[in-house]
Amino acid sequence: MLDQSRGAPQPDNISPPGVPVIKQVNWGGLRTLYVKEVRRFFKVQLQTVWAPAVTTLLYLVIFTVALGARSAVPVGGTTVPFADFIAPGLIVMGMMTNAFANASFSLLVGKMQGTIVDYLMPPLSTAELLAGLTLAAVTRAFLVGGALWLAMLLWPGVHVGMANPLVVLWFALMGAFLLAFLGVLTSIWADKFDHAAAVTNFVVQPLALLSGTFYSVDKLAPTFRMISHFNPIFYVISGFRSGFLGVADSPVAFGAGLLLAINVVMGAICYTLLRSGWKIKN
């Protein structure tokens with residue numbers, strides 16, 4: 001076959017310039033990016049997995065000692081022991097904050113160190129790049145969550161047996177993906193680590209701490225109860241907790257559908273920004 005543009009022979013197994021060679025999903029490239037991202041945080045697992053787990057366990061110790069492990073908390077028309085109430089919320093809160101931390105680091109450190117080309121040059125589509133980054137963040141979230149659940153399973157006075165494991169899994173995935181997408185957005189927007197820290201301190205932490213993790217929204221005044229229902233993390237906490245206790249502060253089906261819709265929108269925004277190259281290629 002003759003290359004019309006250059007007048008030179010071109011082998012049949014070489015595609016013309018601009019024509020993609022990998023026309024389906026590049027599973028090998030996606031797996032490589034995912035493994036690379038997982039190995040990056042796993043090399044410092046004391047900092048990325050075990051330290052967050054220990055910090056979250058300290059919350060459990062402090063609050064149960066201060067308020068009493070067996071004090072009752074009203075949830076969904078019934079009461080549950082405070083330690084059993086707070087434990088699931090702490091698990092999923094630790095998962096979400098670590099998903100955000102992982103996803104907000106990758107592209108940002110590439111921009112800061114000038115190695116962003118390592119993400120842009122490989123033969124990966126925008127969707128594959130986004131999938132690799134978010135799946136690695138979700139993996140870190142589940143490692144932290146698993147460590148916390150095992151520790152609380154052995155903790156005296158705390159019961160974290162699952163009433164509905166599928167509900168636990170769904171809301172864990174929705175919460176981890178929600179914060180992973182937010183982390184990707186942050187890493188695209190941020191120009192330095194201070195920007196990412198600002199999102200952590202002024203967006204992620206307030207939303208997480210004011211989501212009903214440490215208290216039942218049934219105890220709040222009507223105005224503050226209404227405000228809590230505009231916080232998407234509230235539905236993650238409530239739904240995840242319902243998988244352990246069998247009761248929730250909000251309708252579980254509504255929260256599951258709402259979080260799915262929010263994640264679809266967040267994923268679409270991340271995809272659009274990555275594809276446009278905003279603050280990455282420009």
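Some points to look at:
The rows are residues; the columns are (1) out of contact with any Leu (no Cβ under 9 Å at 6 or more places or on another chain); (2) of a type in the set (Val, Ile, Thr); (3) touching a residue at least 60 places away in the same chain (Cβ under 8 Å).
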{"position": "99", "(1), (2), (3)": "no, no, yes"}
{"position": "104", "(1), (2), (3)": "no, no, yes"}
{"position": "109", "(1), (2), (3)": "yes, yes, no"}
{"position": "151", "(1), (2), (3)": "no, no, yes"}
{"position": "158", "(1), (2), (3)": "no, yes, yes"}
{"position": "190", "(1), (2), (3)": "no, no, yes"}
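- Just one of (1) free of Cβ contacts under 8 Å to residues at least 12 places away in the same chain; (2) surrounded by 14 or more Cβ atoms within 10 Å (Cβ to Cβ) fails for residue 197. It is (2).
- Look at segment 229-257: where a residue is over 11 Å from residue 89 (Cβ atoms) and a partner is basic (Lys, Arg), sitting 6+ places away or on another chain with Cβ atoms under 8 Å, you get 248/241.
- Of the criteria (1) at pLDDT 90 or above; (2) more than 39 Å from the chain's Cα centre (by Cα), which one residue 43 fails: (2)
- Among the conditions (1) farther than 27 Å from residue 81 by Cβ; (2) assigned to a helix (DSSP H, G or I), the only one that residue 191 does not satisfy is (2).
- Selection from segment 139-167 of residues that are among the β-branched types (Val, Ile, Thr), within 27 Å of residue 264 (Cβ to Cβ) and surrounded by fewer than 23 Cβ atoms within 10 Å (Cβ to Cβ): 139, 167
- Number of positions in segment 214-257 that are loosely packed, with under 15 Cβ neighbours inside 10 Å, part of a loop (DSSP other than H, G, I, E, B) and among the aromatic types (Phe, Trp, Tyr): 1
- In segment 258-276, the residues that are in contact (Cβ under 8 Å) with a residue 40 or more places away in the chain and farther than 21 Å from residue 141 by Cα: 269, 271, 273, 274, 275
Every residue, every condition in (1) at pLDDT below 95; (2) touching a Ser or Thr at 6+ places or on another chain (Cβ under 6 Å); (3) closer than 19 Å to residue 239 by Cα, yes or no:
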| site | (1), (2), (3) |
| --- | --- |
| 80 | yes, no, yes |
| 86 | yes, no, yes |
| 104 | yes, yes, no |
| 109 | yes, no, no |
| 116 | yes, no, no |
| 153 | yes, no, no |
| 173 | no, no, yes |
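- Test for residue 99: is it modelled with pLDDT of 95 or more and in a helix (DSSP H, G or I): yes
- Among the residues of segment 252-278, those identified as touching a Ser or Thr at 6+ places or on another chain (Cβ under 9 Å) and under 30 Å from residue 159 (Cβ atoms) are 252, 255.
- Remark: residue 202 matches the filter, which requires a residue to be over 16 Å from the mean Cα position of the chain (by Cα) and outside any loop (DSSP other than H, G, I, E, B).
- Flag if residue 64 is in contact with a strand residue (DSSP E or B) (Cβ under 7 Å, 6 or more places away or on another chain) and either over 30 Å from residue 274 (Cβ atoms) or of a type in the set (Phe, Trp, Tyr) (or both): no
- Restricting attention to segment 111-137, the residues that are in a helix (DSSP H, G or I), among the β-branched types (Val, Ile, Thr) and in contact (Cβ under 8 Å) with a residue 12 or more places away in the chain total 2.
- Entry remark, segment 51-64: residues being loosely packed, with under 15 Cβ neighbours inside 10 Å and under 17 Å from the mean Cα position of the chain (by Cα) number 0 in total.
- Residue check for residue 88: surrounded by fewer than 21 Cβ atoms within 10 Å (Cβ to Cβ) and either in contact with a helix residue (DSSP H, G or I) (Cβ under 6 Å, 6 or more places away or on another chain) or more than 18 Å from residue 218 (Cβ to Cβ) (or both): no
The values are calculated or read from the model by the stated rules, or taken from the named source; none is laboratory data. Computed from a predicted structure; not experimentally measured. Here Cβ is always computed from backbone atoms with ideal geometry, including for glycine, and neighbour counts include all displayed protein chains.
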